[in-house]
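Here the structure comes first, spelled out in structure tokens, and everything after it is commentary.
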Amino acid sequence: MISVTLLIVALAGPLGGSYSRHTDIVFALDVSSSIAREPSLQALDFINRAIAAKDLDARTALVAFGADASAETLLHREAQPVREITAHVAREGSDLARAIEVAVGTFPAGGHHRLVLLSDGAQTQGDARTAAATAHSLGVQIHTIALENGADRDDISVRGIAAPAQVRIHEAFRVQTTVHSTRAARAQLLIMRQ
């Protein structure tokens with residue numbers, strides 16, 4: 001899923017021919033409800049391995065995002081592994097633009113700035129293209145890593161059932177159901193009475 005070695009090499013140090021001796025890397029991790037638990041854990045593992053393998057002069061930070069974004073860790077040369085996300089962000093949505101804005105805001109003046117955006121790319125609000133263009137104009141390199149979307153799994157579920165609270169004996173009544181599927185599928189719904 002994630003090609004760690006190549007990206008670590010790409011993120012490891014300053015660009016060739018540069019005069020700055022350090023690189024700042026901000027990881028922006030999508031923690032929205034569209035990301036399943038397993039891809040989220042794999043992404044955290046990737047981030048921790050990338051931090052452990054980074055150049056000694058490089059500083060790293062982590063931004064968590066969903067419908068909003070918040071810094072989980074600030075830029076630091078000796079970053080500790082992150083076991084779980086503790087930043088409080090709304091998970092019912094994905095604002096890639098806000099994630100980029102918060103990440104860019106963590107970079108100080110000078111140095112090389114790299115943003116690694118780990119997401120399923122399912123933007124529900126904001127304008128990521130405009131935010132990315134602004135970041136690029138400020139000298140920020142953006143790398144993306146695709147995470148598996150929870151909706152990529154085959155799943156059929158009943159999202160809601162509506163029925164009258166009371167009915168008379170032998171009276172006809174309507175039961176309305178809302179069924180969701182992540183893929184086109186045939187299914188059979190059986191409603192039983194007691």
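Over all distinct alpha-carbon pairs, what is the Kirkwood Rh of the chain in angstrom? Working shown, then result.
Working: mean 1/r = 0.0529 Å⁻¹.
It works out to 18.9 Å.
How much of the DSSP bridge set in the chain is antiparallel, in percent, rounded to the nearest 5?
Percent antiparallel among DSSP bridges in the chain is about 35.
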For ASP24, what residues show an amide H to amide H distance below 5 Å, using hydrogens built from the backbone and excluding near sequence neighbours? ARG59, HIS112, HIS113, ARG114
Debye, to nearest 20: dipole size of segment 56-194, +1 on Lys, Arg Cβ, -1 on Asp, Glu Cβ: 500 debye
Run the quick spin-label model on GLN42 and LEU138: label points 7 Å from Cα toward the beta carbon, then report their separation in nm to one decimal. 3.1 nm
Name the residues whose placed amide hydrogens come within less than 5 Å of the amide hydrogen of LEU117, ignoring near sequence neighbours (fewer than 5 apart) on the same chain. ALA28, HIS143, THR144, ILE145
Once amide H atoms are built 1.01 Å from N in the peptide plane, which residues 5 or more positions from GLU72, or in another chain, come under 5 Å H to H? LEU62, VAL63, ALA64
Mean separation of Cα contacts under 8 Å (at least 6 apart) over the residue count of the chain, i.e. the relative contact order in percent, is 21 percent
Potential extension, THR130-HIS170 segment - 0.36 nm per residue separation minus Cα distance: 8.4 nm
Mean Cβ neighbour count within 10 Å, used as a protection proxy, ranking 161-167, 99-105 highest first: 99-105, 161-167
Ranking request for peptides 115-127, 82-94: highest mean number of other beta-carbon atoms within 10 Å first, then the rest in descending order. 115-127, 82-94
Taking square-rooted eigenvalues a ≥ b ≥ c of the alpha carbon gyration tensor, is segment 90-180 rounded, prolate or oblate, where a/c under 1.5 means rounded and, failing that, a/b exceeding b/c means prolate? prolate
Rounded to the nearest 0.05, what FRET efficiency is calculated for GLU92 and THR182 with R0 set to 22 Å and r the Cβ-Cβ distance? 0.80
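Rule-based calculations on the coordinates, nothing more; no lab input. The structure displayed is predicted, hence computed values, not measured ones. All Cβ positions, glycine included, derive from the backbone under ideal geometry; neighbour counts span all protein chains shown.
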